[in-house]
Amino acid sequence: MTAPAENRPTSYGQVSLAVIMRSAEANLAGNIHGGEIVKLADSTAGAVSARHVGGQTVTAALDEMAFLQPVHVGDIVHTYGQVNWVGRTSLEVGVRIEAQPHSDPTAAGLHVASAYFVMVAIHADGSPREVPQLLLETETDHRRWREAEIRRAHRLAKREEILRSRGH
Ligand SMILES: CC(C)(COP(=O)(O)OP(=O)(O)OC[C@H]1O[C@@H](n2cnc3c(N)ncnc32)[C@H](O)[C@@H]1OP(=O)(O)O)[C@@H](O)C(=O)NCCC(=O)NCCS
């Protein structure tokens, strides 16, 4: 069994990735497939959660992935992730995705998507394990925690209702 690590401040788990988009990731119109953006966001959430828990995590759920703008071949996509909330064995990671044309380093990053991932810390046998507590550092961290609690309540209520409708 893996012992729970010490508590972590929000800044400890912050991770940013940057990837240049290639034609292999695009459709015929030159826009990047949404799935590629989801994969990048998931990789970011995986890095954030692994750093926070100091071990292996899996993606349990993904919701509210909103695509706000198209991403094009040649854009540099930047992802920014951090832990928003922690429970007993799960945590929510928020990921913001921005794109910038590779030919213009002065261009401000355009907010193209955001997503919220539920990650679960696991032991080597795949069973859930306890996660370190999260030390909130800023007012924004407190706001994200409150909003993550609302999303969790909705997720769990939806799951309960569906299971109830199936007679479980
Ligand atoms: C995620 C997984 C470990 C959960 O296992 P489980 O036996 O259902 O565990 P539990 O029911 O105790 O749930 C563990 C935690 O996850 C949370 N959770 C699980 N599914 C969830 C969902 N759909 N939405 C929100 N939270 C969820 C639970 O609320 C609990 O949180 P808490 O301990 O902080 O209160 C298991 O379902 C699994 O291994 N799934 C596959 C993950 C994977 O392979 N992902 C990659 C995609 S290919």
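Odds and ends about this structure:
- Near R129, the amide H atoms lying under 5 Å from its own belong to A121, I122, H123; only residues 5 or more places off or on other chains count, and H is placed 1.01 Å from N.
- Normalised alpha carbon radius of gyration of the chain [divisor 2.2 N^0.38 Å]: 1.12
- Longest exposed-site-free window of the chain, the sites being trypsin sites (Lys or Arg not before Pro) in a DSSP loop that have at most 15 other C-beta atoms within 10 Å: 89-165
- Seen against the Cα atoms of the chain and their longest principal axis, helix 139-165 is set at about 70 degrees.
- Highest mobility in the GNM of the chain, judged by mean-square fluctuation with C-alpha springs under 10 Å and restricted to S11, S114, S90, is found for S11.
- Spin-label model distance (nm) - R164 vs S127, 7 Å beyond Cα toward Cβ: 3.0 nm
- Per residue, segment 8-165 exposes 53 Å² of solvent-accessible protein surface, assessed with a 1.4 angstrom probe and all protein chains in place.
- In the chain, the portion of solvent-accessible area held by carbon and sulfur atoms comes to 53 percent [1.4 Å probe, whole percent, DNA, RNA and ligands not counted].
The values are calculated or read from the model by the stated rules, or taken from the named source; none is laboratory data. Since the model is a prediction, treat every value here as computed from it, not as a measurement. Reconstructed Cβ throughout: ideal geometry from the backbone, glycine too, with neighbour counts over all protein chains shown. All accessible areas refer to the heavy atoms of the entire protein, side chains included, with ligands and DNA or RNA removed. Shrake-Rupley method; radii C 1.70, N 1.55, O 1.52, S 1.80 Å.
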